[in-house]
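Have a look at the structure below, then the notes.
The values are calculated or read from the model by the stated rules, or taken from the named source; none is laboratory data. Bear in mind the structure is a predicted one, so any value in this text is a computation, not a measurement. Note: ideal-geometry Cβ built from the backbone for every residue, glycine included; neighbour counts use all protein chains shown.
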Amino acid sequence: MSKQLTDVEDVLEGAVKKHGLSVVPLLQEIQEHFRYLPEEVLRMLSRKTGIPLIDIYHAATFYNSLSLTPRARHQISVCAGTTCHIRGGGKLIEEIFQLLGIRPGEITSDGEFMLETVNCLGCCAFAPAMVVDGKYYGNLNPGEVREILNALRKKAVS
Amino acid sequence: MPINLIGVEPLYKELNHNTTLSLVRFLLQGGVLMNTGIRSKLAKPVDLKNLREMLKDRLDPKKQRLVVCGDTGCSVCGSRELAPAIEEVLQERGLAGSVELKVTGCLGFCEKGPLVLVFPGAVFYQQVQAEDAAEIVEKTVLRGEIVDRLLYTDPADGRKITCAYDIPFYKLQTRTLLETGWYINPLDIDDYIARGGYAALAKVLDGMPPEAVIAEIKEADLRGRGGAGFPTGLKWEFCRAAAGNEKYILCNADEGDPGAFMDRSLLEGNPHAVLEGIIIAAYAVGAKEGIIYIRIEYPTAVLKIEQAVRQARELGLLGKNILGSGFDFEVIISKGAGAFVCGEETALIRAAEGKVGEPRQKPPFPANAGFRGMPTVINNVETFVNVPLIINRGAAAYHETGTESSGGTKIFCLVGKINNSGLVEVPFGTTLRQIIFGIGGGIKNGKRFKAVQTGGPSGGCLPEEMLDLKVDFKDLAQAGSIMGSGGMIVMDEDTCVVDLARYFLQFLKSESCGKCFSCRVGIQRMLEIYDRLTTGSASIEDLDLLEELAVTVKDTSMCGLGQTSANPVLSTLRYFRDEYLAHVRDKRCPAGVCRSLFRYSIDQDSCIGCGSCAEQCHAGAIVEMEEGCYSINPELCTRCGACVEACVSDAITKG
Amino acid sequence: MKIVVQMTLNGLRIDVDEGMTILEAARFYGMNIPTLCYLEGLSPYGACRLCLVEIGMPGQSKLVTSCTYRVEEGLVVRTDSEWVIKRRKMLIELYLATCPSSKVIQDLASKYHVTTVRFTPWHEDCILCGLCVRMCAEQMQGKAIGFAHRGSNRRVTTPFDKESEVCRLCGGCMYVCPACQSRCQGPQEEQPVCNACLNLQQPCLDYFEDKMCFMDPCVACELDANREVKAKRRP
C-alpha cells in the first residue's frame, strides 16, 4: 500500500511539474496513468496543489473524455454524428442493447463491455460507424455488430 | 530504406490508449520520420530558398509516385493494411529507391476509399485493398498499364475514368487549399517546403510591416471559417490595437460538429500550412505565443501537428529570432478533453487555460480580453490555412475567386444520403445544386432529394426550392441556416425532418454547458414538445408554442451555441410545416421514421414463408400463425426494422 | 478622477460613471430591471437572462444582459420595450414551470402578468442561478459547493456529492437562494401559477406597443382618464 502511495505521489509530482495548476491537463495526465480518475487521487491532488476540490470535480464531470469510474475491458464507441443518425446509427445502439443489455454510458455487470456514443468519428462516408477497442468499423448493420461483439465475447470466454 | 526511429517513442507516448501501435507503424510507412535528426536552423530567408532549391527533385513530375490516402476514413476500410503491403511489394522488386510511396492526408473522395493515386498521370484507383498492391506495382508502375477493375466508373455514362482530374467529383471543384495535400507527406516538413511552404512567412518577415499584412488580409475579404464569418483582417486589427503587453493567437481545432471533418483533414493532410498561417497571424498582431486547442478525439491529427511544431522549431521557423527577423514566437498544443461547447470562443479560451470550458457573456471580446485576460485572436484551422495563400498570391488574385463579400474558397464535408461523400472545396457563391448534384453526384439509390442541412447542429435545413441558393455567409443566414464550419448533410425522402430536429436538440441538450437558463431549459422544453410530436400526442397549439420558445432561446441565450440552437427548429418549421402538420393532425410520419407513428406488417401475397424475419426479431413479435404464414404483433414490435432487412421477398411493409 | 459618460436610458439623457453596468445605472436612476442571478457584492454572472435590455437604435438593436454590459458614451438603452417584455415573459413562464414553488418567481409572474403556464411543471428546487456558488466562493472564501456536470445534468453540489470537508455551515448559500423561499398559500395552490398578487398589476402593460413604463409600482395609467383613447393607438 505504501509503495502504491508513493507511486501516486510520483505521478502527481510529475504532472504538477509539467502542467502547473492547469486542472484539465493534470486530470488528463492522471487518467493516462490510472485509466480513470480515482476519487482518492483527486483529493490528494487538491491537497497538494491547493486547487479547490470542487473545481477539480467540476472539470472531471464536465468533459466527455474524463471518467470517474473505471473503464470496462472492451470499449465500444458508437458514432452518434448526424450522418450516422440518418443512416441508421440508432439501430446499432438498439442491437447492442439487445445483445449486452447496456445503454450509452453503461457498463455490463461483468465489467467486460462499456458502451458510449461519440459526437462524430469523422468517417461519415462510412456511416454508420463504431470503434471497438480502438479499431474502426464502418458501413455497419445490426447483424455485423452482433458478429463483432460475439467474436469478442467468445474470446473473453476462451 | 531504413526507417529512422528517432522520435518514435515520444510519438507513441503521446497517443492515448485507444490508439494502437499499428497506427504508429502505419504512419511510419514511407520513412516519414526521416527528418527528426538534428538539423541546422535557417538563419535568413535566403536559407529557406536554398533549402527549397536542394529539395527541387521532389517536384520532379516524371518521378514515379504512389500516393495512398492515410486519412481516418480510408484507414477504416483498409488503407492501414494497404500501405505496408505496397511497401513490401516495392522492396521485393527492388523499387524502394526509385518509386516513392507517400501516405498522405485525406484525398477527398472518401466514398470510394481506400484511394490510391499513381503519378505521373494521377491515375486514380478506388476501393483498393492490400491484395491489389502487387497488381498495381506490377502493371501500372512497371509497365504503365492500367488496372481496369480499380478505375472509377462515371455513373452518368458508364465510362471508366483513368485520371483523377477527369472525375466529375474533382473536376467541378476548385481545390486550392486541398490540392497540396495530394503531394505532401504531412509528417515531412521538407515536402511542404519543396512545394513553396513557408515562403509566405519569409515574405512577411522580409520587410512587410505587420500593418501591411493586416491590410492584405482585409483586402482579400477573408472571413473566419469557424462559423460566424467575422472578417479576419478586422479581428486582427482590433487585437493589434488593443492595449496589453502580451498577445496570443488561439487556433480553434476543436471541431466538434457531427458530420464535419474538414479541420481534421487539413491538420492531418497539411499541418504545416496551419502552422504557417498561425505564425503569420502572430507577426501581424504582435503575439509571442500561440495555442493550438485540438480535440483529443483526433489522435492522428494531434500527432501530426505535434510533429509539425517540432520540425518547424528545429528549422528555426518557430522560436527565437525566426529567420533572423528578430521576431519570436512559440506554439503550444493544448488537448481538448471533449466538449462541443468549447468551440465557442469564450469557452475555448477557458478550456485552453485548462479550466472548465464554460462561455461567458460578451463583451468584452477576446480581441480585448482573451487568453489569460490578454488580447487574443481566435481563428479556426481553415482560416489559418488561407493566410499563406493570400500572402503568396496577393489579395487581389486571391479575391478573384469567391463573392464580393467573402473571398476565396470554402471546404465542405459533403455527407449523408449522397452518392459521392467526401471533402469538397468550392468558391463562395457556388450554388447548393452544383455542390450536391454536380460534385456530389445526386442522391443515393435514386431517391428523391429532401433537404440539406448546413452548419452542424446549429444550422438549418434547406429544402429543394432553396437549391439555387449561392453558398455565402450572408445568403445562408438569410435563408435561416448558417455556414457553420462547413458540414453539409444531405437528406433524402426517407429522413423525417421532425426526427432530425429532435436529434439535434437531443445532441445540444447534453452538449450545452448548462450555464444560462434559456439555453439549458429552452432546449429541454423544445425537446418535450418534440417528444409529443414524434409520438403523435402533440396539438396544433404546440407548434405555436414551439416557435415562440425557439425564438426566445435564439434571442436570449448567452453564447453562440444557445443562440443558434433554435435554427434547426425554426428552419424546419419554416420549410417543412406540412410534415409537422402530418405529425400533429394525421398522427402520421410521412418518412416512416418516428416509431410510434407507423406499423410494420407482412404482405401475405409476397411472403414466401421462409421465417427469416421471425429469426431476426428480438422482441418475439413475429409469430407463425399457421404453416408458412407469419404475422407481426404490433404490441410487441419495437420497429427496429431488423425483419425488413432479413426479408428476402420484400414482403414487410411500413404503414 | 471619475470619468462620466452620457447615455440615453428609456429616452432620458443621463450621466453615468464609466465602469458601471447598465443594470447599476438603471437601478441608480430608479428603474427596475428584474434579476435572479444578480446580487450586489457578487460578480455578475449573466445566466438568468431576465435582465436583458434592448440597446441601439430601433432596427439595429440587440438584446444584451444589463448586469454584464458596461455603459459607454452615447449608448441607447431601453429596459422595457415590447421586444424585451415579450422575451422576458416567456422566460418567466419557463421559470414558473421549472420551479413553481418559489415565491420570488411567483411574484415576478404576477408583476409581468404571466397567467398561464403551457409546460409541464418540473417542481425543481434549483434554477442554477449560481448565487450560492458565488456567495460561498467570493464572500465566504469557502469553495465548498460548485457546479458539476454539463447541459441538462448540470447541478450545484459538493465534491463527489459527499459532505464537503471545507464547508463551515455558514448558511450563506441558503440566505441568497431565490428559489428556496416558498410561495405564499395562494387561492389556487395546486396550480403552477398562483397569481395571487395580481393586484400589483401594471394595467398599461397590455395597451401600448412600446410601453416604456418604468414606474414601480405603477400609478400613472390608473390616473390617466384617457386610457381608453390611448389604447386605441395600438395597431
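The residue pairs whose first member lies in segment B:124-148 and is closer than 17 Å to B:T162 by Cα, whose second member is among the acidic types (D, E), and whose beta carbons are closer than 8 Å, counting only pairs six or more residues apart or on different chains, are B:Y125/B:D132; B:K139/B:E145; B:V147/B:D132; B:V147/B:E135. Applying the set (1) under 28 Å from the mean Cα position of the chain (by Cα); (2) surrounded by fewer than 20 Cβ atoms within 10 Å (Cβ to Cβ) to B:C513 leaves exactly one unmet item: (2).
Candidates B:E511, B:E579: the one that is over 15 Å from B:G480 (Cα atoms) and facing chain C (nearest Cβ under 8 Å) is B:E511. B:M558 - would you say it is in contact with a strand residue (DSSP E or B) (Cβ under 8 Å, 6 or more places away or on another chain) and under 24 Å from B:G460 (Cβ atoms)? Answer is yes for this residue.
Segment B:76-166 holds strands (runs of 3 or more DSSP E) entirely within its bounds, and those carrying 3 or more residues that are within 24 Å of the chain's Cα centre (by Cα) map to B:100-104. One residue stands out in segment A:23-48 among those that are more than 9 Å from every other protein chain (Cβ to nearest Cβ) and outside any helix (DSSP H, G or I): the one that is surrounded by the most Cβ atoms within 10 Å (Cβ to Cβ), namely A:L37. Taken over segment B:551-579, the criterion of being touching a helix residue (DSSP H, G or I) at 6+ places or on another chain (Cβ under 6 Å) and within 30 Å of B:A651 (Cα to Cα) is satisfied by B:E579 alone. Regarding segment C:128-145, can at least one residue be identified that is within 13 Å of the chain's Cα centre (by Cα), within 22 Å of B:V551 (Cβ to Cβ) and either within 14 Å of chain A (Cβ to nearest Cβ) or touching a residue at least 24 places away in the same chain (Cβ under 8 Å) (or both)? Within segment C:128-145 (the criterion being within 13 Å of the chain's Cα centre (by Cα), within 22 Å of B:V551 (Cβ to Cβ) and either within 14 Å of chain A (Cβ to nearest Cβ) or touching a residue at least 24 places away in the same chain (Cβ under 8 Å) (or both)), the answer is no, since none of the residues qualifies.
Taking the stated definitions as given, is B:G94 free of Cβ contacts under 8 Å to residues at least 60 places away in the same chain, at positive phi and not aromatic (F, W, Y)? It is true that B:G94 is free of Cβ contacts under 8 Å to residues at least 60 places away in the same chain, at positive phi and not aromatic (F, W, Y). If we scan segment B:204-211, do we find a residue that is more than 18 Å from B:I391 (Cβ to Cβ), touching a helix residue (DSSP H, G or I) at 6+ places or on another chain (Cβ under 8 Å), surrounded by fewer than 24 Cβ atoms within 10 Å (Cβ to Cβ) and more than 14 Å from chain A (Cβ to nearest Cβ)? Scanning segment B:204-211, I find no residue that is more than 18 Å from B:I391 (Cβ to Cβ), touching a helix residue (DSSP H, G or I) at 6+ places or on another chain (Cβ under 8 Å), surrounded by fewer than 24 Cβ atoms within 10 Å (Cβ to Cβ) and more than 14 Å from chain A (Cβ to nearest Cβ), so the answer is no. Taking segment C:40-72 as the range and being in contact (Cβ under 8 Å) with a residue 60 or more places away in the chain, among the aliphatic types (A, V, I, L, M) and either over 19 Å from B:Q563 (Cβ atoms) or not in a loop (DSSP other than H, G, I, E, B) (or both) as the test, the residues that pass are C:L42, C:V71. Out of B:A367, B:A337, one residue alone is within 11 Å of chain A (Cβ to nearest Cβ) and in contact with a Ser or Thr (Cβ under 8 Å, 6 or more places away or on another chain). It is B:A337. Yes or no: segment A:72-90 includes at least one residue that is without any contact (Cβ under 8 Å) to a residue 24 or more places away in the chain, more than 7 Å from every other protein chain (Cβ to nearest Cβ) and either of a type outside the set (S, T, Y) or out of contact with any His (no Cβ under 8 Å at 6 or more places or on another chain) (or both). Checked against the condition, which is being without any contact (Cβ under 8 Å) to a residue 24 or more places away in the chain, more than 7 Å from every other protein chain (Cβ to nearest Cβ) and either of a type outside the set (S, T, Y) or out of contact with any His (no Cβ under 8 Å at 6 or more places or on another chain) (or both), segment A:72-90 yields at least one hit.
Looking across A:S46, A:S22, A:S67, one residue alone is within 21 Å of the chain's Cα centre (by Cα) and outside the structural domain of A:T117 (by TED's automatic domain parsing). It is A:S67. A single member of B:L267, B:L222, B:L234 is in contact (Cβ under 8 Å) with a residue 60 or more places away in the chain, outside the structural domain of B:K474 (by TED's automatic domain parsing) and either surrounded by fewer than 24 Cβ atoms within 10 Å (Cβ to Cβ) or under 30 Å from A:E116 (Cα atoms) (or both), and it is B:L267. Entry remark, segment A:50-66: residues being within 16 Å of B:V356 (Cβ to Cβ) and more than 8 Å from every other protein chain (Cβ to nearest Cβ) number 2 in total. Do we have B:S631 as surrounded by fewer than 19 Cβ atoms within 10 Å (Cβ to Cβ), more than 19 Å from A:G90 (Cβ to Cβ) and within 14 Å of another protein chain (Cβ to nearest Cβ) here? For B:S631, the condition - surrounded by fewer than 19 Cβ atoms within 10 Å (Cβ to Cβ), more than 19 Å from A:G90 (Cβ to Cβ) and within 14 Å of another protein chain (Cβ to nearest Cβ) - is not met. Evaluated against (1) of a type in the set (K, R); (2) away from every other protein chain (no Cβ under 12 Å); (3) buried (at least 22 other Cβ atoms within 10 Å of the Cβ), C:K103 falls short on exactly one condition, (3).
For the structure I just gave you, tell me whether B:G269 is at pLDDT below 95 and at positive phi. No: the conditions fail for B:G269. Within segment B:406-426, is even one residue crowded, with 18+ Cβ neighbours inside 10 Å, modelled with pLDDT of 90 or more, out of contact with any Phe, Trp or Tyr (no Cβ under 7 Å at 6 or more places or on another chain) and of a type in the set (D, E)? For segment B:406-426, residues crowded, with 18+ Cβ neighbours inside 10 Å, modelled with pLDDT of 90 or more, out of contact with any Phe, Trp or Tyr (no Cβ under 7 Å at 6 or more places or on another chain) and of a type in the set (D, E): present.
One residue stands out among those in segment A:97-113 that are touching a residue at least 24 places away in the same chain (Cβ under 8 Å) and more than 14 Å from every other protein chain (Cβ to nearest Cβ): the one that is surrounded by the fewest Cβ atoms within 10 Å (Cβ to Cβ), which is A:G111. For segment B:583-615, the tally of residues that are aliphatic (A, V, I, L, M) and touching a strand residue (DSSP E or B) at 6+ places or on another chain (Cβ under 9 Å) stands at 3. Residues in segment A:23-44 that are over 13 Å from A:L68 (Cβ atoms) and hydrophobic (A, V, I, L, M, F, W, C): 4 in all.
Screening A:I51 on (1) closer than 21 Å to A:A129 by Cβ; (2) assigned to a loop (DSSP other than H, G, I, E, B) shows it passes everything except condition (1).
Scanning segment C:148-177 for residues that are outside any loop (DSSP other than H, G, I, E, B) and touching a residue at least 40 places away in the same chain (Cβ under 8 Å) gives C:G172, C:C173, C:M174, C:Y175, C:V176.
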